[in-house]
């Protein structure tokens, strides 16, 4: 079966204004909205609840034998992916960590996202983003990256037999493991600027004609709707894995662009609409965004009571995935934190490195971004915001192998 748009999709909306996008859905690759000032704001996919409900009556999620994340096909925007495309993406375990629970006085659950084909949770978003773009006619993808997103984009472009994904990295990443991994998966890598924002500006300037003509598609964080839909599957899995018992009191998420944080909450909202998750009897978790104190635009905006996230000047962080000085979906991140009665916390570089070492001592395979969630939990325990006996889920977004390879 060829790639096709899921007939359960009902509309596309601007994430900020709520306006429905006009015209034929997915007649061409979907980018940012045109109702907001340039460059626009992220677009989100909405589904026909009745169609999804009818499909699930015939084939409940619990009975689906499909391997990987496309077991959630009724709530994904693109269908018909080959079996070898993403059957190894998703289905990551959640375990209660006895030692950390005992030491911290709370129930600590870990979801290990480092088992995907490229080694991080980026596989979820890029698997859907690349497949959706291809279904809409994309011929080639490009993106700026200073980490695992570029690797995953190259991998899934290769799996669909597409031309090499074009990746822009900041200067200084030449020869890095990210550089080598992108090229291993047939990526074409270029370098520009001191950080991901500068690399992105250089990419969009150099590919201005290709991007405007549609020859290339920018698959950056939130620049198209597929990556959010892929990351949403973490929330679908969390709900399923906690079935029959209360959801966690808190979900602590390392926040750069925030796709996963927004996606998990979107999953909970969709399950609630389908009456598969009853908030009256299953209290939804508080969502917690953790950032490095050296680059904390979301934390600053949240505690300042802002509705938008304002760009900051990053001072650099050992956690590459958290070195995101601007968030195009900042309004969405802040909405999730407030709707869930959650919070945002910044942790020092020293706290991240200490938590990374502590994870290693406890036998937890986690990178610096994941270690930031443990540092965030420790800070919240110290402040009294997380009380004794709370149930806390930490998102481990990738393994220890990349940070160890850089040492």
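Read the figures in this text as sums done on the coordinates, not as results from a lab. Note that the structure is a prediction, hence the values are computed from the model and not measured. Virtual Cβ from ideal backbone geometry, glycine too; neighbours counted across all protein chains shown.
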In which sequence would 310, 287 go, from the one with the fewest C-beta neighbours within 10 Å to the one with the most?
310, 287
Principal axis box of the chain, alpha-carbon based, largest edge first, Å:
55, 52, 40
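If a/c stays under 1.5 just call it rounded; otherwise compare a/b with b/c (prolate if a/b is bigger, oblate if not). Do that for the stretch 281-362, with a ≥ b ≥ c from the square roots of the Cα gyration tensor eigenvalues. Show your work: numbers first, answer last.
Numbers: a/c = 2.58, a/b = 1.21, b/c = 2.13.
It is oblate, given that a/c is not under 1.5 and a/b is not larger than b/c.
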Roughly how many whole Å is it from the C-alpha centroid of the stretch 52-120 to that of the stretch 177-217?
30 Å
Checking rank on 216-223, 269-276, with mean other Cβ inside 10 Å and highest first, the result is 216-223, 269-276
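Using the per-residue mean of other Cβ atoms lying within 10 Å as a proxy for protection, in what order, highest first, do the peptides 193-203, 242-252 fall?
My ranking of the peptides, most packed first, is 193-203, 242-252.
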Alpha-carbon centroid distance for the pair the stretch 1-20 / the stretch 342-405, whole angstrom:
35 Å
Does the stretch 115-238 come out rounded, prolate or oblate by the C-alpha gyration tensor, with a ≥ b ≥ c the root eigenvalues, rounded set by a/c under 1.5 and, if not, prolate when a/b is larger than b/c and oblate if not?
oblate
Counted neighbours (other Cβ, 10 Å), sorted fewest up, put 356, 156 in the order 356, 156
Quick shape check on the stretch 56-181: root eigenvalues a ≥ b ≥ c of the Cα gyration tensor, a/c under 1.5 is rounded, otherwise prolate if a/b tops b/c, else oblate, and it reads oblate
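Please rank 165, 33, 295, fewest neighbouring Cβ atoms within 10 Å first, as an exposure proxy. Write out the running numbers ahead of the final one.
Values: 165 29, 33 20, 295 23.
Neighbour counts put them in this order, fewest first: 33, 295, 165.
Kindly rank 110-120, 13-23 from highest to lowest mean number of other beta carbons found within 10 Å of each residue. Display every interim value, and only then the final one.
On the way: 110-120: 22.3, 13-23: 14.4.
Ranking the peptides 110-120, 13-23 by packing returns 110-120, 13-23.
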